[in-house]
Amino acid sequence: MHEKTWPLSLLLLLGLGLRSQQALPPPCESQIYCHGDLLHEVQMAKLFPDDKQFVDMPLSMAPDKVLLDFSELAKANNNNISRQQLQEFVNSHFQAVGQELEPWTPEDWKDSPRFLQKISDAKLRAWARELHQLWRKLGKKMKPEVLNHPDQFSLIYAEHPFIVPGGRFLEFYYWDSYWVMEGLLLSEMPETVKGMLQNFLNLVTTYGHIPNGNRVYYLQRSQPPLLTLMMDRYVTHNSDMAFLRENIMTLDLELSFWAEKRNITVSSGGTNYHLNRYYVPYGGPRPESYSKDEELAGTVLADDREALWAELKAGAESGWDFSSRWLSGGPNLDLLSTIRTSRRVPVDLNAFLCQAEELMSKFYTILGDEAQATKYRNLRAQRMAALKAILWDEEKGAWFDYDIDSGKKNPEFYPSNLTPLWAGCYSDPADADKALKYLEDNQILTYKYGIPTSLRNTGQQWDYPNAWAPLQDLVIRGLAKSPSPQTQEAAFQLAQNWIRTNFDVYSRKLAMYEKYDISTGGQPGGGGEYEVQEGFGWTNGMALILLDRYSDRLTSGAQPALQKPHYLAVTLLLSTLPNLLP
Ligand SMILES: *[C@@H]1O[C@H](CO)[C@@H](O)[C@H](O)[C@H]1NC(C)=O
Ligand SMILES: *[C@@H]1O[C@H](CO)[C@@H](O)[C@H](O)[C@H]1NC(C)=O
């Protein structure tokens, strides 16, 4: 049978001594949902098409009883349990997925939020109304059983109802929720946002960080840190200073998790710069992708498996699971087993933290705590210097992920390379215009259906040809900060492209997707570890952001000049006519 895998060797390898292991127990102790023989046997037997299904199933009885019954079953069969026996065991000891959640119609949902009326294109306005309706479909709340018997669920209890992404994602996710909340605020639903924020704050209070999503099997890792920004958006919308005051220490606690557990020092020109990275010091397969992680580990040396699993988890922590961003070297550059997430200093992570530091100094100033305000102002100043020294490339006009091992920047195109614009973490106003040139140099503006995730087709879902809503945002609202009309116009054009893709696919399929394939004229995306999912929280939020921002200019119809060559020819001819006339 499979051994329990708490990899002391890995912890030592990663430079953590026994003492810190004791101080920080593995934050995922369930012998059913996180590791152990039962998990291993069921997932490796592939009882379900998607490994996530098993670890989402509630128990029908106390976990001790499930484990006892399982060890008796194993003993009675000489540790050789047939697939059918396993299936029967799961049927008799677990419940169907989703039992612990019930549909919830947000109480602050209203029929006609104001922003709808200002959308000038009638078709887009009708569509925005349908997106606004979707909040009712994606609203969930927990049954009291989850509170009363937490050990029978992988779901972590949340006091307040919430909006989920949709599809296989029945729980809430960290960075997804930021775009969901932006959409909810446009839909004039601040009470729902406040409840979701409170859920996140409670997770920080309990665990010291926000897990990737609210399941115990996600506890070992976080996701891109946007909690401080969520608070800012809510407080700006609702002027709820009491809520800010009550929770400022929890925001501080979350940032100290990143500062202390996800920090990395990079030296350049005799100076040490303190930056952050995605890093998960725990081995073992991800419970929700168990068989895939086991199979991938079968392609590397036994000694390298725990480190590989830790790097996969760090990749999941980045939100980009998975991407050529994290792959390194070897004869086959695209091989997932070459993943080295923790050996990269990511642009987006450091820009998010830079923004959080600025917001914290603002919050503390408002609350009258000058000492803390100064602390965060200094942290931000240090980070701005580090971004410039380590990640910025003056010649290319963008920031790039830094490879700690090679000491070089990764020159590939990723929309995340422009995150400092979006986050307001640049000091030269001309940087936004340099970014436009960077996009032109990489021919990114020629992609008419959305900004690609990269220019490399690796089969991973965070690469070409997929396009994702949050990455459109990083570029579009980043460029839109430029004072130059030309750069702002490029931002609008990118927004128009993305809205057109979302709208056209919605018109055909009556659904919003988590990602889109831009190589096929805008289809639901593909690749990666699971089927493309409908719903979809952050895509809806992003569409509403753009529909609000460019309400008077976005159109639903195709622009003939862009799509029909003969139109283009006529337009060009007409535009050159004046030059031909004497
Ligand atoms: C396990 O049992 C099956 C029959 O159910 C048998 O074919 C197989 O050889 C057994 N494996 C071992 C390792 O005993
Ligand atoms: C992170 O910071 C702590 C001090 O807060 C330090 O002890 C540790 O070495 C740092 N880790 C890295 C990888 O730089």
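Throughout, read-outs are computed from the coordinates displayed, never taken from laboratory work. The model shown is predicted, which means the values in this text are computed figures rather than measured ones. Don't worry about glycine lacking a Cβ; one is built from the backbone with ideal geometry, like all the others, and counts go over all protein chains shown.
Annotations
- You can think of it this way: the chain between L67 and K137 has 21.6 nm of extra reach, that is 0.36 nm per residue less the Cα-Cα gap.
- Segment S484..Q87, full-extension length gain: 136.7 nm, with 0.36 nm per residue of separation and the alpha-carbon distance subtracted.
- With the simple spin-label model, which puts each label point 7 Å out from Cα in the Cβ direction, the E531 to D304 separation comes to 3.4 nm.
- In the structure shown, the pairs K362/K388; K110/K509; K388/K448 are assessed against 30 Å; a Cα-Cα span above that value is assigned to K388/K448.
- Checking the cross-link pairs K46/K75; K409/K437; K292/K408; K137/K194; K143/K261; K409/K481 against a 29 Å limit on the alpha carbon distance flags K292/K408; K143/K261 as lying beyond it.
- Relative exposure of H237, H209, H274, judged by other C-beta atoms within 10 Å (fewest first): H274, H237, H209
- Taking a straight line from the alpha carbon of K118, these aspartates and glutamates sit under 13 Å away, with near neighbours fewer than eight places off in the same chain left out: D548, D552.
- Summing Lys and Arg as +1 and Asp and Glu as -1 over all other residues whose Cβ lies under 14 Å from the Cβ of F503 gives a net charge of +4.
- Placing a pseudo-label 7 Å from each Cα along the Cα-to-Cβ vector at N77 and L445 gives an inter-label distance of 6.3 nm.
- R0 of 41 Å, Cβ-Cβ distance E191-N378: FRET efficiency to nearest 0.05: 0.70
- Separation of alpha-carbon centers, the stretch 187-213 and the stretch 262-304, rounded to whole Å: 27
- Förster radius 45 Å - calculated FRET efficiency between L335 and S256 (Cβ-Cβ, nearest 0.05): 0.80
- Considering only M142, F162, F115, and ranking their Cα positions along the charge dipole of the stretch 91-172 that arises from unit charges at the beta-carbon of Lys, Arg, Asp and Glu, the one farthest toward the positive end is F115.
- Helix 565-580 and the long axis of the chain differ in direction by around 30°, with both axes built from C-alpha atoms.
- 222 nm mean residue ellipticity, helices alone, for the chain (DSSP H n ≥ 4; -39,500 (n - 2.57); rounded to 500): -15000 deg cm²/dmol
- If R0 is 25 Å, the Cβ-Cβ spacing of M241 and T206 corresponds to a FRET efficiency of close to 0.50.
- Centroid-to-centroid separation of the stretch 121-153 and the stretch 434-493 [C-alpha atoms, Å]: 29
- Note on K362 and N272: the extension gain reaches 29.7 nm, defined as 0.36 nm multiplied by sequence separation minus the Cα-Cα distance.
- GluC sites (Glu not before Pro) restricted to DSSP loop in the stretch 310-418 with at most 14 other C-beta within 10 Å: E394, E395
- Separation in nanometres of the label points that stand 7 Å from Cα toward Cβ, at L455 and R553: 2.6
- With a cut-off of 15 Å between beta carbons, the residues surrounding R325 carry a summed charge of -3, where Lys and Arg count +1 and Asp and Glu -1.
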